[in-house]
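Structure record follows, encoded as structure tokens.
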Amino acid sequence: MTKLAVQMTGIVKKFGEVVANDHVDFAVRAGEIHALLGENGAGKSTVMSLLSGLYRADAGGIAVHGTSSSIASPKDAMKLGIGMVHQNFRLVPTLTALENIILGERGEPWRGNAWKKRKLAQVDGICERYGLRIPLGQPVWALSVGEQQRVEIVKTLYRGADIILLDEPTSVLTPGEAEALFQTMRELKDTGKTMIITTHKLKEVMAVADRISVMRKGRMIASMDAGETDARNLAELMVGREIREREAAESGHAGETILEVSGMTVRSDHGHDALANVAFRIREGEIVGVAGVAGNGQKELAEALTGLRGWTKGSMLLQGERMENAGVRRLIDRGVAHIPEDRMKSGLAGSLGVVDNLMLKTYRTGKHFRFGLLRNRANVAWGKGLAERFDVRYAELGSPARQMSGGNQQKLLLAREIDQQPKLMVAVHPTQGLDVGAAESVHQMLLGLRDASAGVLLISEDLDEVLLLSDRVFVLYGGRIIGELPKAEADKERIGRMMAGLEDAEVAAQ
Ligand SMILES: Nc1ncnc2c1ncn2[C@@H]1O[C@H](COP(=O)(O)OP(=O)(O)OP(=O)(O)O)[C@@H](O)[C@H]1O
Ligand SMILES: [Mg+2]
């Protein structure tokens, strides 16, 4: 008989009216990589939180390595050898990587140098053993996202975890970093560790998982060996309907120029030029994709175009009108929409409910506001309808957005931005964290905007997505556009080489 590392039986977890886990049975074998899949809001993170002691179940039981266990706190979970790699890393930015890893150890602040040296050797040994490269002496704020994630992993290992939970670990990683993470996971498996991972990227699942379980609407609906299934079958199991094969969208019919950028120079937070002398155009009815590894100016590009960051040089013509440094308000009035990279920081107001978030940019207009008052009844009806059209699922209309599942937060944001019927949409990682069904509807929405003659700038690290939707693709490297390719010539290998700075294509005449 195979040994089970984790066995959940009849688990029920409710949040008010919402049944997040509805009599869930879930078995994970010792030493396997088990992928937990499901639509946005299916209840995956809830399962992870129950196992790591963040929440307590309303009913049901959990056995760890065959022993019935009560997990009432993260400390209890740790004692049972369960460690969680958090998606929003819980590290102290001003402490070094090493200090973060040993943080909370008894008497740690008072120990001397000899002790610290011993700890360094011990942690170094763990890193060495699993091939985890981390600059242990650097403060965490100076580390890349991938490195910070490795710190989180080493932290769980240092504390003796042998069951490691990873909730959407790759949604914040570049493709290269994700590959490195999978390599680490395979090495962890070779030493007998058990891992549970959630992700929406089915290719990743097929690449790394031994077994797969699928949840739908709070229920566990299937468990299988990875060898028994494929990405298409999984997609259908998750959303309960057939998912169309993704194939490149038909090109749009480009019209007049909507946006013309020239000589764009923008500083980063650190004060150096994040973008230098960038020039491009976007026409009506066109999706222009920006490919590139994060940190090559994408964030600054999106912010400068939407008024969140100042320009040091250059000009921005929006339908013929000078708009560089015009400010957020004026850009919104002129029809610029924005799906930001960090939806909780600059997209949604976490403490507000569905309707208020939908009105966030337009509450001052006559539609929502009349005779000095918000038109509450009309606004609620409007908000409900809009949420329904975009398939935003929520517990109660008024519950704070931060309690919604990640994918539903993203859909809420999209509903608001697309409903404005923008002239220009700046979309950054628009399908990050979305399930396959929702990602497909977002793609349809962006194509719909294009067909309604908007111009779309699509910034994404998902090269498949960029190639699928874009009429033209340019590659950003080191703050410059190093190549531009029309749809017909945009192939993955070539763009991949440009993204790594290995090939410098002639910038095609526009
Ligand atoms: N703290 C909370 N308070 C209220 N409702 C919650 C809370 N956490 C989760 N929920 C609700 O429980 C349900 C399941 O959420 P969960 O986060 O487990 O989904 P998920 O499968 O992880 O989704 P996603 O893929 O979008 O991350 C959702 O309807 C969500 O809104
Ligand atoms: Mg989740």
Of the residues in segment 394-431, those that are at pLDDT below 85 and assigned to a helix (DSSP H, G or I) come to Gly406, Gly407
The listed residue being more than 20 Å from Gly10 (Cα to Cα) and modelled with pLDDT of 95 or more, out of Gly112, Gly61, Gly81, Gly107: Gly81
Considering only segment 307-325, I want to know if a residue exists there that is within 28 Å of the chain's Cα centre (by Cα), of a type in the set (Ser, Thr, Tyr) and assigned to a loop (DSSP other than H, G, I, E, B). no
Would you point out the residue of segment 213-234, among those that are touching a residue at least 40 places away in the same chain (Cβ under 8 Å) and among the basic types (Lys, Arg), that is nearest to Thr198 (Cα to Cα)? Arg216
Restricted to segment 31-54 and to residues being part of a helix (DSSP H, G or I) and more than 21 Å from the chain's Cα centre (by Cα), the residue nearest to Thr194 (Cα to Cα) is Leu51
Does segment 57-77 contain at least one residue that is in contact with a Lys or Arg (Cβ under 8 Å, 6 or more places away or on another chain) and within 16 Å of ligand 1 (Cβ to nearest atom)? yes
Which one of these is under 22 Å from Leu80 (Cα atoms) and not assigned by TED's automatic domain parsing to the domain that holds His34: Thr174, Thr191? Thr191
Please find, among Leu457, Leu463, Leu434, the residue that is at pLDDT 90 or above, within 22 Å of the chain's Cα centre (by Cα) and not assigned by TED's automatic domain parsing to the domain that holds Met48. Leu457
Mind listing just one residue for me: the one in segment 55-72 that is within 21 Å of Ile197 (Cβ to Cβ) and of a type outside the set (A, V, I, L, M, F, W, C) and, of those, farthest from ligand 2 (Cβ to nearest atom)? His65
Under 7 Å between Cβ atoms, which residue pairs at least 6 apart in sequence (or on different chains) link something in segment 164-181 that is closer than 18 Å to Met48 by Cβ and among the charged types (D, E, K, R) with a partner that is within 13 Å of ligand 1 (Cβ to nearest atom) and not in a loop (DSSP other than H, G, I, E, B)? Asp167/Ser45; Asp167/Met48; Asp167/Thr198; Glu168/Thr198
Can you tell me which residue is surrounded by the most Cβ atoms within 10 Å (Cβ to Cβ) among those in segment 31-41 that are of a type in the set (Gly, Ala, Ser) and away from ligand 1 (no atom under 12 Å from the Cβ)? Ala35
Kindly list the number of the only condition in (1) of a type in the set (Gly, Ala, Ser); (2) within 16 Å of ligand 1 (Cβ to nearest atom); (3) within 30 Å of Ala291 (Cβ to Cβ) that fails for Ala222. (3)
Taking segment 445-474 and keeping only residues that are farther than 20 Å from Gly335 by Cα and either out of contact with any Lys or Arg (no Cβ under 7 Å at 6 or more places or on another chain) or in a loop (DSSP other than H, G, I, E, B) (or both), one is left with Ser460, Glu461, Asp462, Asp464, Glu465, Val466, Leu469, Ser470, Asp471, Val473, Phe474
Restricted to segment 42-56 and to residues being buried (at least 20 other Cβ atoms within 10 Å of the Cβ) and more than 9 Å from ligand 1 (Cβ to nearest atom), the residue farthest from Asp435 (Cα to Cα) is Gly53
Just one listed residue, out of Thr306, Thr365, is β-branched (Val, Ile, Thr) and closer than 26 Å to Gly271 by Cβ, and it is Thr306
Within segment 74-91, residues loosely packed, with under 13 Cβ neighbours inside 10 Å and assigned to a loop (DSSP other than H, G, I, E, B) come out as Asn88, Arg90
Qualifying residue in segment 35-54 (condition: farther than 28 Å from Ala235 by Cβ and within 16 Å of ligand 2 (Cβ to nearest atom)): yes
Subset of segment 385-406, residues within 15 Å of ligand 2 (Cβ to nearest atom) and surrounded by 24 or more Cβ atoms within 10 Å (Cβ to Cβ), comes to Met404
Contact list please: Cβ distance under 6 Å, first residue in segment 368-395 and touching a residue at least 60 places away in the same chain (Cβ under 8 Å) and not assigned by TED's automatic domain parsing to the domain that holds Val18, second residue among the hydrophobic types (A, V, I, L, M, F, W, C) and not in a loop (DSSP other than H, G, I, E, B), pairs at least six apart or on different chains. Ala395/Val18
Specify which of the listed residues (Val28, Val6, Val19) is among the aliphatic types (A, V, I, L, M) and either within 16 Å of ligand 1 (Cβ to nearest atom) or in a loop (DSSP other than H, G, I, E, B) (or both). Val19
For the structure I just gave you, tell me whether Gly137 is closer than 20 Å to Gly81 by Cα and in contact (Cβ under 8 Å) with a residue 40 or more places away in the chain. no
Considering every residue within segment 158-166, establish whether at least one is under 19 Å from the mean Cα position of the chain (by Cα), within 14 Å of ligand 1 (Cβ to nearest atom) and not in a helix (DSSP H, G or I). yes
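The values are calculated or read from the model by the stated rules, or taken from the named source; none is laboratory data. Keep in mind it's a predicted model, so treat the numbers as computed, not measured. Neighbour counts are summed over all protein chains in view; Cβ atoms, including those assigned to glycine, are modelled from backbone coordinates with ideal geometry.
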